[in-house]
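Quick notes on the structure that follows.
The values are calculated or read from the model by the stated rules, or taken from the named source; none is laboratory data. What you see is a predicted model; the values in this text were computed from it and never measured. Cβ: placed from backbone, ideal geometry, glycine included. Neighbour counts: every protein chain shown.
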Amino acid sequence: MPAGHPPEDAARARRGGPAPAVRGGEDDALDGEAPGRVPPRSARALWWGSAGLVLAVLGTSVLVAGADDGPRPAVAVALVLAQVLALRWQVRAPIAVLAADAVTGLAVWALLPAVTLTGALLAAQITLCVLSATRPRRLSARALAAMCLPAPLAFAAGGPTGLTVYLLTVVLAWTAGQWRGAQRARTRAETRRAVVEERARIAREVHDVVAHTLSVMVIQAGAADHVFTERPEQARQALRAIETSARSALGELRLLLRAFRPDEGEEAGEPRQPVPSLARLDELADTVRATGMTVHLHREGATEGLPAAVDLAAYRIVQEALTNTLRHAAGADEVSVRVTAEEECVTVRVVDNGRTPSGGSGTAGAGRGLVGMNERARLVGGSLRAGPLPGGGFEVAARLPVERAS
């Protein structure tokens, strides 16, 4: 189980459900796209664009229509400025702003009938679009119905053409908001899915590191305790092996945890641990040998230059297979690891000589590790087969294509 993850958190990660928040900034960024909320920068840009459109269209129409109409143009201009000012809160309180813009727009149209009703209610239509994009559909549908109430006035002023133009612009504004809301919902879902997948991936990495190292350390500690009095030198060797394993696991955990803190630099002078890869199989085999298990390691072909994803997946499959042998293979004292690197694929085969219980798998209780190995193979486009052998022992065999993952 990954260090630092409660059992229920790990279970959620395996089921693909939302994992617990690790950094506040990440979830805050997602919440900025939650329904009914718009990031501050986007809200400011929306206000500037809306204000510019209202001033350019409605403001110009008011000045042209009221050029020779006494004091009424000045009042209409003041109402237009009030609409523009109200648009500043169209994201926070779209219902109130919609009502204010509708009332002031009707007042502008009453003062200057030469301005079309559609133009006078331009600010209200923009607010309707924002409301439709950021609020529940039932609420926005009621706002749409309210915006259709002045339709008789549009018919009285402009006939069938005026009515058609007015209703068309109102419906288009609402529809545009619905489209934008659906687009934001898709983006939000894709972002959250990517976050959950990344957290699950890191959880698997942490599990692989901790499970293997702790298994080795537990066996080494037991061996040290067993021979502490009679063979102190062998006990010291086991303790030194425990220290080496712990330092290695700590270095790998630091690398993994940096994925949660990409904005934080490394501490000054802190050495960077080597990335797990097939080049480190000898170190991995040595940690298992320190427990008393005989490990035969065979490599064929050049593993240098492999795609990083394939290299890491192959290493982790070998590591998890060895961990399962240590923890679950009854009576196993020998394991063979064979890695073959060819031009098109890398094959991994790990076989132990443990006893297979009758009527069951040779790795009873190792289901989580097998699922993890299968998932790693699948992520790079490969396949994995695991199961007991007819003559005894357990086999893990994986084929990882090189070209597909590169």
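I'd like to know if segment 59-70 contains one or more residues that are at pLDDT below 90 and within 18 Å of W47 (Cβ to Cβ). Yes; the residues of segment 59-70 include at least one that is at pLDDT below 90 and within 18 Å of W47 (Cβ to Cβ). Take the conditions part of a helix (DSSP H, G or I), modelled with pLDDT under 70, outside the structural domain of Y315 (by TED's automatic domain parsing) and out of contact with any Phe, Trp or Tyr (no Cβ under 6 Å at 6 or more places or on another chain) and apply them to R201. Does it pass? Spelling it out, R201 is indeed part of a helix (DSSP H, G or I), modelled with pLDDT under 70, outside the structural domain of Y315 (by TED's automatic domain parsing) and out of contact with any Phe, Trp or Tyr (no Cβ under 6 Å at 6 or more places or on another chain). In a helix (DSSP H, G or I) and in contact (Cβ under 8 Å) with a residue 12 or more places away in the chain: does that describe L139? Answer is yes for this residue. Scanning segment 158-185 for residues that are buried (at least 18 other Cβ atoms within 10 Å of the Cβ) and more than 18 Å from P94 (Cβ to Cβ) turns up G162, L163, Y166. The criterion of being buried (at least 23 other Cβ atoms within 10 Å of the Cβ) and assigned to a helix (DSSP H, G or I) holds for A102.
So that you can scan it fast, the table gives a plain yes or no per residue for (1) of a type in the set (A, V, I, L, M, F, W, C); (2) under 30 Å from the mean Cα position of the chain (by Cα); (3) farther than 24 Å from S42 by Cβ; (4) not assigned by TED's automatic domain parsing to the domain that holds P39:
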residue: I126; (1), (2), (3), (4): yes, no, no, no
residue: L131; (1), (2), (3), (4): yes, yes, no, no
residue: L153; (1), (2), (3), (4): yes, no, yes, no
residue: G162; (1), (2), (3), (4): no, no, yes, no
residue: A176; (1), (2), (3), (4): yes, yes, no, no
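Taking first residues from segment 277-298 that are farther than 19 Å from G354 by Cβ and partners that are assigned to a strand (DSSP E or B) and among the polar types (S, T, N, Q), the Cβ contacts under 9 Å between residues at least 6 apart in sequence or on separate chains come to H298/S336; H298/T340. Please determine whether any residue of segment 334-342 is within 19 Å of A377 (Cα to Cα), of a type in the set (V, I, T) and either buried (at least 24 other Cβ atoms within 10 Å of the Cβ) or touching a Phe, Trp or Tyr at 6+ places or on another chain (Cβ under 7 Å) (or both). There is no residue in segment 334-342 that is within 19 Å of A377 (Cα to Cα), of a type in the set (V, I, T) and either buried (at least 24 other Cβ atoms within 10 Å of the Cβ) or touching a Phe, Trp or Tyr at 6+ places or on another chain (Cβ under 7 Å) (or both).
In the set L63, L81, L87, L53, which member is out of contact with any Lys or Arg (no Cβ under 7 Å at 6 or more places or on another chain), in the same structural domain as L122 (by TED's automatic domain parsing) and crowded, with 19+ Cβ neighbours inside 10 Å?
The unique qualifying residue is L87.
For segment 62-117, the set of residues classified as among the polar types (S, T, N, Q) and under 41 Å from the mean Cα position of the chain (by Cα) consists of Q83, Q90, listed by residue number. Which count do you get for residues in segment 35-82 that are within 29 Å of A185 (Cα to Cα) and assigned to a helix (DSSP H, G or I)? Within segment 35-82, residues that are within 29 Å of A185 (Cα to Cα) and assigned to a helix (DSSP H, G or I) number 15.
Checking the condition within 19 Å of L58 (Cα to Cα) and either among the small types (G, A, S) or in contact with a helix residue (DSSP H, G or I) (Cβ under 7 Å, 6 or more places away or on another chain) (or both), which residue from A123, A156, A93, A141 passes?
A123
Condition first: modelled with pLDDT under 75 and of a type in the set (A, V, I, L, M, F, W, C). Can you find one or more residues in segment 264-277 that meet it? Looking for residues that are modelled with pLDDT under 75 and of a type in the set (A, V, I, L, M, F, W, C), one finds at least one in segment 264-277, hence yes. Residues in segment 105-124: is at least one touching a residue at least 40 places away in the same chain (Cβ under 8 Å), within 21 Å of R41 (Cα to Cα) and assigned to a loop (DSSP other than H, G, I, E, B)? Checked segment 105-124: no residue is touching a residue at least 40 places away in the same chain (Cβ under 8 Å), within 21 Å of R41 (Cα to Cα) and assigned to a loop (DSSP other than H, G, I, E, B).
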